Amino acid sequence: MHNTGANPELIDRLVLANRILYDQGVVDGLGHVSVRHDSQPGVFLLSCNRAPGMVVRDDILSYDYDGNTVCETSERSYLERFIHAEIYRARPDVMSVVHSHSPSVIPFAATRTALRPIYHMAGFLGCGCSHFDIRLAAGNTDMLISSSQLGKSLAESLGNSAVVLMRGHGSTTVGTSLEQAVFRAIYAETNAKLQAQAKNLGEVEYLNDEEAKLASDTNDGQILRSWNFWKMRVGPI
């Protein structure tokens, strides 16, 4: 194992998070999830450049907020590690970050349509989602957040939201725990699919702010129920 200095149990949970997100269709060969280091300030854990469904313990590396590895490795890094680095720098409350290209979310970013909670499982969207357009930050690009400057722009667009939609790209979701970030990424995708379906049927009645807050608070107490089920589905790591 690389010398991450992290609790092995945290590393195992991060491996599981990668596998779960793949199993739930949020990521495929691309996308990534990270978590703050449990004992080293200014450091987070992220896999090397590996498809999420293939991540194993030895793939987990430690990074600082400049996107540099702080453990010895010959493995390649994700090009977009700066998404994670700059969000951790800007948001001390965030313990985990998920970046994905989940298909139902992408149209919302492309049309600048707000992702709003259509049912209780997405109550966390009641505080709003943000939009990021890389063209406004850097002109014409390959759409990737491949530098600290672009990562900072994305983090600024995220603001205090739980989700930022990225035009022509995907989305990034954050949480106060690894399990919460995974939960939110999964249900952001589900909510997007349902919201698009509902709009084809007529006017949509969304959760109001209080309903969304109450639902979100209740769901936060039930996350491990879903996490343990998803863990069972992916099997041993």
## Note on the structure
In region 143-155, residues that are touching a residue at least 24 places away in the same chain (Cβ under 8 Å), of a type outside the set (Gly, Ala, Ser) and surrounded by fewer than 19 Cβ atoms within 10 Å (Cβ to Cβ) total 3
### Message
Take residue 233 and tell me if it is exposed (fewer than 12 other Cβ atoms within 10 Å of the Cβ), touching a helix residue (DSSP H, G or I) at 6+ places or on another chain (Cβ under 7 Å), at negative phi and not hydrophobic (A, V, I, L, M, F, W, C).
### Response
yes
### Residues located in region 29-74, provided they are of a type outside the set (Lys, Arg), in contact (Cβ under 8 Å) with a residue 60 or more places away in the chain and surrounded by fewer than 18 Cβ atoms within 10 Å (Cβ to Cβ)
30, 56, 66, 71, 72, 73
### Message
Of everything in region 199-212, what is under 20 Å from residue 124 (Cβ atoms), part of a helix (DSSP H, G or I) and not aliphatic (A, V, I, L, M)? Give them in sequence order.
### Response
209, 210, 211
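Residue by residue, here is whether (1) surrounded by 14 or more Cβ atoms within 10 Å (Cβ to Cβ); (2) under 15 Å from the mean Cα position of the chain (by Cα); (3) in a helix (DSSP H, G or I) holds:
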position	(1), (2), (3)
161	yes, yes, no
168	no, no, no
188	yes, yes, yes
197	no, no, yes
214	yes, no, yes
### Query
How do the pairs read when you match residues in region 117-142 that are on the phi > 0 side of the Ramachandran plot and surrounded by fewer than 20 Cβ atoms within 10 Å (Cβ to Cβ) with residues anywhere that are of a type outside the set (Val, Ile, Thr) and modelled with pLDDT of 95 or more, using Cβ under 9 Å and keeping only pairs 6 or more apart or on different chains?
128/115; 128/116; 128/159; 128/160; 128/161; 128/162
### Task
Go through region 1-33 and count every residue that is charged (D, E, K, R) and either assigned to a loop (DSSP other than H, G, I, E, B) or within 13 Å of the chain's Cα centre (by Cα) (or both).
1
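The values are calculated or read from the model by the stated rules, or taken from the named source; none is laboratory data. Keep in mind that what you see is a predicted model, and the values were worked out from it rather than measured. For neighbour counting, all protein chains shown are included, and Cβ atoms are generated from backbone atoms with ideal geometry for every residue, glycine included.
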